[in-house]
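Enquirer: Before I ask anything, here is the structure I am working with.
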């Protein structure tokens, strides 16, 4: 495992598993917040903040998805790293399709952004990263907190106030143009927080617990937890359109970025092969429903996803062969709109 140690890049740090063979995810380091408060150090302003992401990473994908659904593409700029991560860590390779240069700091590697924020950093170099152009530092690199900030703290920010356009390197988005979408609505917040916590360990992190387990016992525990949870949510979704009921929320964002990768990557690469998502009666149409929500599909890049996972984990896939299938039709009809609940007006497809 590679990381910064006292600001120096090291490639000889011990790996992901503990003594029992269980995958252990390290805590993120930068935990400041953007707040819509006149006394806050980091206040929401169009053009001030920048996201560093990978299309391959489900945690970074969460933040891209909220940015799109909230119509913040022109207010919060984005750079995209190469899907392949070698011993140098996440790299900027603008010559590759849908990758960009570091348009803010001019770095060759994402670790240089971390070093610019903290020359003595002791941490893994992960995406997403929320960068403040004004103070020239990292605000936060915890995906759950970044998506919440984008969802709740930027409602007063007008995209038209931002200078310049989107810097995501692949044209205009088809997402909503306004910031009226509320993914953390009053009356749902306690339930949304509960669901996000409930799906994190068995599902979002569970695929990693299975994939990076170094003992049979640890793998079996992870797989049991994962498919017990998937079975549970498949039952829940039989009678309601979204995880929290009749509203699209942050909980669905957090579930989507795992499910959309599942059959193409986690099922094979991480040995989560008890069942595929497309074999579930309700999870599969639920996934298609989310994918077809305006502003979602353009945040998915399956080529980046597959290249990253199959080529970046030599301990799991030493030959770095990329599995070809399955060929899934995310655009197929889903009939989920027959269930109670509907999309916010801003997200309804144009007639």
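Enquirer: In a GNM of the chain with a 10 Å cut-off on Cα contacts, which of 143, 215, 77 has the highest mean-square fluctuation?
Expert: Taking springs between Cα atoms under 10 Å, the residue moving most is 215.
Enquirer: If you don't mind, another one. With the crude spin-label approximation of a point 7 Å out along Cα→Cβ, what separation in nm comes out for residue 135 versus residue 120?
Expert: Here the modelled spin labels are 1.9 nm apart.
Enquirer: Okay, next question. Using label points projected 7 Å from each Cα along Cα→Cβ, tell me how many nm separate residue 26 and residue 103, to one decimal.
Expert: 3.0 nm
Enquirer: Turning to a different aspect of this structure: How would you classify the range 228-313 from its alpha-carbon gyration tensor, with a ≥ b ≥ c the square roots of the eigenvalues: rounded for a/c under 1.5, else prolate if a/b is greater than b/c, otherwise oblate?
Expert: It comes out oblate by the Cα gyration axes.
Enquirer: Restricting to the range 3-161, what percent of DSSP beta bridges are antiparallel, rounded to 5?
Expert: Restricted to the range 3-161, the bridges split so that about 70 percent are antiparallel.
Enquirer: Under the classification rounded if a/c is under 1.5, otherwise prolate if a/b is larger than b/c and oblate if not, where does the range 77-137 fall, given a ≥ b ≥ c as square roots of the Cα gyration tensor eigenvalues?
Expert: oblate
Enquirer: Still on this structure, I have one more. Quick one: compute a quarter of the convex hull surface over the Cα atoms of the range 1-132 and quote it in nm².
Expert: Projected over every direction and averaged, the Cα hull of the range 1-132 covers 9.3 nm².
Enquirer: Determine the percent antiparallel among the DSSP beta bridges restricted to the chain, to the nearest 5.
Expert: 75 percent
Enquirer: Same structure again: Taking only Cα atoms and a 10 Å spring cutoff, compute GNM fluctuations for the chain and point out the largest among 206, 341, 89.
Expert: Its mean-square fluctuation being the largest, the pick is 341.
Enquirer: Highest first, please rank the peptides 46-55, 97-106, 323-332 by the mean number of other Cβ atoms sitting within 10 Å of their residues.
Expert: Ranking, from highest mean packing down: 46-55, 97-106, 323-332.
Enquirer: Over the range 3-161, what is the relative contact order in whole percent, taking alpha-carbon pairs under 8 Å and six or more residues apart?
Expert: With pairs under 8 Å counted, the relative contact order is 33 percent.
Enquirer: Round to the nearest 0.05 the FRET efficiency obtained for residue 200 and residue 235 when R0 = 22 Å and r is the Cβ-Cβ distance.
Expert: Computed FRET efficiency for residue 200 and residue 235: 0.70.
Enquirer: Between residue 273 and residue 35, what is the FRET efficiency for a Förster distance of 56 Å, r being their Cβ-Cβ separation, to the nearest 0.05?
Expert: 0.80
Enquirer: Still on this model: Starting from the Cα of residue 323, step 7 Å along the direction of its Cβ; do the same at residue 96; then give the gap between the two resulting points in nm.
Expert: Calculated label separation equals 2.1 nm.
Enquirer: For the range 262-287 and the range 81-142, what is the separation of their Cα centres, given in Å?
Expert: 31 Å
Any read-out appearing in this document is the output of simple, stated calculations on the displayed coordinates, not a laboratory observation. Predicted, not measured: the structure shown is a model, and the values here were computed from it. Cβ atoms come from the backbone with ideal geometry, glycine included; neighbour counts cover every protein chain shown.
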